[in-house]
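Peer 1: Got a structure here, written out as structure tokens. Questions coming.
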Amino acid sequence: MPLTVFEKLKRHHTLRLCLGLWPLVVFLLLLALGAQVVLRYWPDILLQSVAWQKVMHQQMSALLEAVHEQPHQAGLSLLAFSLVYGILHAVGPGHGKVVIATYLATHPTQLKNSLKLTLASSLLQGMMAIGLVSVTLGVLQLSSRALHASSFWMEKAGFMLVALLGLWLSVRALKRLWAAITHARHATNQIFSVFTC
């Protein structure tokens, strides 16, 4: 039985709609593959990162003691070590990597905005860390032991804020995707209603 013009158009539109979603399907497959790889090796990466941080922390302590003897030479070495230590510390959990990666994945055409967001995130995090430590040690006159005890709750609150931000970005992206699909269905129904009249 031959297809009518209406059925041909409907199949053609359905095929175009499915072909338009191929980037989403490829992204989800790559995400699943990446998740498997990360789940397999992430604990090893974190353990190695913590081990490197411990060694570097000990070396930084030695450099701090050497600053009294040779301020210029040890000071430059301390700055370089602090930079490397900060990079290794950023590899660890937290720091908004998942939120920024989600934004980059859902907004690939906005590279300039993504780079601005990444820079703003890192600068804000650095300023907040310096500010919290300065206020806690300088203004509140708390000991480093009290600072470490309170850092547990600050860390939990930070994780909750990052999770809420990620949830908010995900809901926004899903709403936009649903609106696009609904719009495509509505346009399809209008096109086909013309042919059925």
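Values quoted throughout were computed directly from the atomic coordinates according to the rules given, and no laboratory measurement underlies them. Because the structure is a prediction, the values reported are computed rather than measured. Every residue, glycine as well, gets a Cβ built from its backbone with ideal geometry; the counts of neighbours run over all protein chains shown.
Peer 1: Out of Trp168, Thr109, His183, whose Cα points farthest toward the positive end of the dipole of segment 94-197 (charges: +1 Lys, Arg; -1 Asp, Glu; placed on Cβ)?
Peer 2: Looking along the dipole axis, the top candidate is His183.
Peer 1: Of the listed peptides 42-55, 98-111, what is their order by residue-averaged count of other C-beta atoms within 10 Å, with the highest listed first?
Peer 2: Peptide ranking by packing, descending: 98-111, 42-55.
Peer 1: While we're here: Determine, from the Cβ-Cβ distance of Leu21 and Thr118 and an R0 of 30 Å, the FRET efficiency 1/(1 + (r/R0)^6), rounded to the nearest 0.05. Spell out each step's value before the answer.
Peer 2: Working: r = 28 Å, r/R0 = 0.93.
Calculated value: 0.60.
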